[in-house]
1. Do you know which residues across the stretch 120-132 are surrounded by fewer than 22 Cβ atoms within 10 Å (Cβ to Cβ) and within 8 Å of the ligand (Cβ to nearest atom)?
2. For Thr93, indicate whether it is in the same structural domain as Gln260 (by TED's automatic domain parsing), touching a strand residue (DSSP E or B) at 6+ places or on another chain (Cβ under 6 Å) and not hydrophobic (A, V, I, L, M, F, W, C).
3. For Ser194, state whether it is away from the ligand (no atom under 14 Å from the Cβ) and touching a Leu at 6+ places or on another chain (Cβ under 8 Å).
4. Among the candidates Val176, Val186, single out the residue that is β-branched (Val, Ile, Thr) and modelled with pLDDT under 95.
5. Tell me, which helices (runs of 4 or more DSSP H) lie completely within the stretch 1-95 with 1 or more residues that are under 26 Å from the mean Cα position of the chain (by Cα)?
6. Among the residues that make up the stretch 293-301, is at least one of them part of a loop (DSSP other than H, G, I, E, B) and exposed (fewer than 15 other Cβ atoms within 10 Å of the Cβ)?
7. Can you tell which of Ala291, Ala317 is among the small types (Gly, Ala, Ser) and modelled with pLDDT of 95 or more?
8. Out of Leu248, Leu190, which single residue is touching a residue at least 40 places away in the same chain (Cβ under 8 Å), part of a helix (DSSP H, G or I) and within 30 Å of Leu100 (Cα to Cα)?
Amino acid sequence: MNLKDNVLAELIHNGNNYISGSQLAKKFNVSRTAIWKCIEQLKDEGCQIGAVTKRGYILLSIPDLFNLNYMETLLANCKTKWQVQFFDEIDSTNNYAKKLAYQGAPAGTVIVANKQTAGKGRLGKSFHSPSGGLYFSIILRPDLPLKDMMSVTACTAAAIHEALLQNGIPTKIKWVNDLFLNEKKVCGILSEGSFNAELLSMDYLVIGIGINIHPDPNLPDELKNIVTDIQTATGKVIRRCDLVAQILAQLEELLAGLAQHTYLPIYTENSCTLGHRVHVKASQGECDALAIGFTEDAGLIVRLSDGTQEIIRTGTAQIID
Ligand code: BTN
């Protein structure tokens, strides 16, 4: 870390306490002028730093920039060793994470980007990923049979729901893994992985999460009635580092309870699919049906017009009414 990053880390660490220029200078074995220069640089980058004579400096706020020191501070209490990498621009965080996972990157590696040039959505669609959004992919290596993989994605949807709720943002979860605000999509999840045919399990799973944070002045016309962003829907301005850390903490907790399906009540109670008539497109074919429940591994249970029930494990369920 360079001196400026060290100074920022120290200010973060100090929380609501002042620290003097000479204390900082002593700690890093540099002159007070060098510290003053770092403080000015941090202010130029958008940090608000209070300065009081005889008391020193205090960090009042940091901007919505990706900052590894800040991130590490936020994740300090997690049991998982989350290893975060930031990119200002990347083709797709999922593609990069898959490459790293293939090369042996450990579970807990997280790739975060400010913008994607080739963001991917489910079912081969693209995911609009302009600058200022939140796009990240998490490498997991769950020791689970293939059939249980769907519950990891559903568990992630529940974790994102909980993290947003911590910020006073009550989303609804649309099966299988979209999050909605004011009946428009605000977050999508794409899980990809590599299957080990010998062990009949996954080598790795990459969970990609895209969240619209701010209004996008260049939002394509075809998305205008379908998607929203947190700021437009709630008036709230979220700092992306904070949200990533909150989601990772929630995910850690819910994944620890995966065998007991502890995510399921959150997933069920906040579903906007249950109780509605849906148009299902699945491997079994297409039909209209009533969404009546979820299996323990987040399969959608529907009732058909002849009264029979089916479990839908892959595909889409468009809400009709
Ligand atoms: C969907 O809604 O269809 C899923 C969207 C998933 C988008 C995220 S953004 C981060 C990660 N990288 C990608 O290329 N896609 C996922």
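1. Scanning the stretch 120-132 gives Lys120, Gly121, Arg122, Leu123, Lys125, Phe127.
2. yes
3. No, not satisfied.
4. Of Val176, Val186, the one residue that is β-branched (Val, Ile, Thr) and modelled with pLDDT under 95 is Val176.
5. 3-14, 68-74
6. yes
7. Only one candidate qualifies: Ala291.
8. Checking each option against the conditions leaves just Leu248.
The values are calculated or read from the model by the stated rules, or taken from the named source; none is laboratory data. Keep in mind it's a predicted model, so treat the numbers as computed, not measured. As a convention, Cβ positions derive from the backbone with ideal geometry for all residues, glycine included, and neighbour counts pool all protein chains shown.
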